[in-house]
């Protein structure tokens, strides 16, 4: 049994990094919009419906066959609801925490994917995942400065400051892990463009209901907020379009782990644009988390060939 790693082209690698960059920029733009009056539900409505329209047009003009089985019809509403929860909670975290830290906490989703696969389908986590779990949690603890050492606040004051934001990010990670588990086991045979369009329509409509529950749409109160809303919508829509349309043509799976470098891009962008600076030890923790997520993702690119 010989093993080899399937390589990707330079163009594919650059495209993956581009997606990671613009998805990180999406969250930085979102923070700007939130700081200038936009609420989370309104942001999710706008970016989801615009993305839904764009991807639906792609499905239409590319004449993508839409074949929904009974299984798809049962699981897609659940996926739509979960993605809505994930969207609302990750943006809520971004509104409360430094952008990079919110995304780092969210990046624990591979652990949640392993957890849900075990709980729902009885699939045992791979040994690499089990070994990575404690190291990733240590890296996350360093990045979040859970004991308040870097900030000098102490553990109690630090958690008063970050606790709600971290809870939102971990909720987003847990729901996204469940989305990946359900998609892989129940809807992986459905075209990614059709799945994305369907999901985004559901997320947009559910988020509209959310705005009404919370009162109404809440739009930006300043020009910077409108720019933030426009940019987060453009970045998010572009990222998803490239992920599901361009990457498959380059022979790359849309969820490739290389895009997990998004928090690092967000760290640099938020440092320069939002002046959100974190301590060196937090940067070390961030690198540990991102490195492990990339390592866990790359293990899936290893293919086996039997030699007789």
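Every number here is computed from the coordinates shown, using simple stated rules; none is lab data. Nothing here was measured: the structure is a model prediction, and the numbers come from that model. Using ideal geometry, Cβ is built from the backbone for each residue, glycine included, and neighbour counts are taken over all protein chains shown.
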Return the Rg/Rh ratio of the stretch 82-152 with Cα-based radii and a Kirkwood Rh.
1.04
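So for each of 125-132, 18-25 I average, over its residues, the number of other beta carbons within 10 Å; can you give me the resulting order with the highest mean first?
Details: 125-132: 14.6, 18-25: 21.9.
Those peptides, ordered most packed to least, come out 18-25, 125-132.
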For the chain the mean separation of alpha carbon contacts under 8 Å (6+ apart) over residue count, i.e. relative contact order in percent, is 43
Using 0.36 nm per residue of separation minus the Cα-Cα distance, give me the extension gain between residue 205 and residue 130 in nm, one decimal.
23.2 nm
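Among 263-275, 64-76, 218-230, what's the highest-first ranking by average C-beta atoms within 10 angstrom per residue?
Numbers: 263-275: 19.4, 64-76: 12.8, 218-230: 16.4.
Listed from highest to lowest mean packing, they are 263-275, 218-230, 64-76.
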Cβ neighbours within 10 Å, averaged per peptide: list 190-199, 114-123 in order, most packed at the top.
190-199, 114-123
Sketch the reach of a paramagnetic label on residue 164 as a point 7 Å from Cα along Cα-to-Cβ, and name the residues of the stretch 206-231 whose backbone nitrogen lies under 16 Å away.
214
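With n ≥ 4 as the cut-off for DSSP H runs, can you work out [θ] at 222 nm for the chain, using -39500 (n - 2.57) per run divided by the number of residues, rounded to the nearest 500?
Working: 11 runs with 214 residues, N = 308.
Calculated from helices alone, the mean residue ellipticity at 222 nm is -24000 deg cm²/dmol.
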